[in-house]
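Participant: Let me begin by handing over the structure; questions about it come next.
The values are calculated or read from the model by the stated rules, or taken from the named source; none is laboratory data. Please read all numbers here as calculations on a predicted model, not as lab measurements. Here the Cβ is made from the backbone with ideal geometry for all residues, glycine too, and neighbour counts use every protein chain on show. In case anyone asks, the SASA skips ligands and DNA or RNA and just uses the protein heavy atoms, side chains included. Shrake-Rupley method; radii C 1.70, N 1.55, O 1.52, S 1.80 Å.
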Amino acid sequence: MKCGVIEQMRQDHPVPPMCRLLGVSVSGYYVWRRRSPSLRAPQEPRLEAEALAAHQRTREWGTLKRKLVYHRRFATREEVRRASSECIEMFYNRQRTQARLDYLSVAFTQR
């Protein structure tokens with residue numbers, strides 16, 4: 001990460017002061033530059049996209065839960081139970097992957 005910042009800024013600033021500022025040895029930076037990409041490097045864009053998608057699903061779940069459950073007043077515990085179950089069945093179980101299902105969603109396995 002630090003070496004990447006130095007690499008991006010090396011055209012505008014001298015390398016040795018940036019290395020000192022970031023706590024990287026100058027020789028270590030140049031070794032990093034010559035190093036071949038890791039085996040995981042080609043997968044990085046896909047992994048970032050998956051992480052962003054998972055974050056978005058979590059946010060959608062929170063929004064849905066707020067709309068369906070938190071902004072309502074319930075007369076009985078049974079109404080709360082029913083609304084919660086409906087919310088879980090409607091969205092959460094259809095989207096969430098489960099280890100016991102080989103990381104597939106419940107909706108996918110029921111097809």
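Participant: Keeping to the stretch 2-29, report how many residues are open to solvent by 60 Å² or more (accessible area, probe 1.4 Å) and more than 31 Å from the chain's Cα centre (by Cα).
Facilitator: So the answer is 7.
A quick yes/no check of all residues on (1) of a type in the set (A, V, I, L, M, F, W, C); (2) at pLDDT below 80:
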| site | (1), (2) |
| --- | --- |
| Met1 | yes, no |
| Glu7 | no, no |
| Pro16 | no, no |
| Gly28 | no, no |
| Trp32 | yes, no |
| Ser38 | no, no |
| Glu79 | no, no |
| Asn93 | no, yes |
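Participant: Return the pairs, sorted by first residue and then second, in which the second residue is in a loop (DSSP other than H, G, I, E, B) and open to solvent by 60 Å² or more (accessible area, probe 1.4 Å), the first residue lies in the stretch 1-24 and is within 16 Å of Arg35 (Cα to Cα), the beta carbons are less than 8 Å apart, and the residues are 6+ apart or on different chains.
Facilitator: Taking only residues 6 or more apart or on different chains, the pairs are Lys2/Gly23.
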